[in-house]
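Read through the structure below, which is laid out as structure tokens, and then see the notes.
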Amino acid sequence: MRAVVADTHAIVWHLTEPRRLGKAARRAFAAADAGRWRCHVPVVVLVETWLLHERGRLRIDPSHVLDQIAGHPGYVTLPLSVEQVMEFGALAGIRDPMDRLVLAAARALKAGLITADTALSGHGVPTLWD
């Protein structure tokens, strides 16, 4: 089973505005929806969702994300691990700590990353968007 990690905007748009996703991102989420792929949602994505919700930049909060993926075999929440922390340390060039943690999660899992953020390309992780 192929593993992917969802960036914050990617999982939020998948759940609320799927037309905003790129073609490759839509295919990746469709594969997770069908249970063919495993989509990991890092806990830092839930933290960032809270922060954006509190600032009025998102209508949904983490409970909505969790409700949508609960019990679905194609989705799992991903706790922070020592491996992710070590990958985080290797990504000092990425300024945004949330982006850095999401990318570290994908690197630790050796998984693809569903993101439109071009700053996360070229760090040893295939990105899926367009």
Failed condition for ARG19, given (1) crowded, with 19+ Cβ neighbours inside 10 Å; (2) in a helix (DSSP H, G or I); (3) free of Cβ contacts under 8 Å to residues at least 60 places away in the same chain
(1)
Could you grab me the full set of residues in segment 70-93 that are among the β-branched types (Val, Ile, Thr) and in contact (Cβ under 8 Å) with a residue 40 or more places away in the chain?
none
Filtering segment 44-82 for residues that are within 12 Å of ALA6 (Cβ to Cβ) and either out of contact with any Ser or Thr (no Cβ under 8 Å at 6 or more places or on another chain) or aliphatic (A, V, I, L, M) (or both) leaves a count of 11
Lone qualifier among LEU113, LEU101 - being more than 15 Å from ALA3 (Cβ to Cβ) and touching a strand residue (DSSP E or B) at 6+ places or on another chain (Cβ under 7 Å)
LEU101
Which of (1) closer than 23 Å to ASP130 by Cβ; (2) crowded, with 22+ Cβ neighbours inside 10 Å; (3) within 12 Å of the chain's Cα centre (by Cα) does GLY112 not meet, given it meets every other one?
(2)
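No lab work stands behind these numbers, since they all come straight from the coordinates. Given the structure is predicted, the values throughout are model-derived calculations rather than measurements. Using ideal geometry, Cβ is built from the backbone for each residue, glycine included, and neighbour counts are taken over all protein chains shown.
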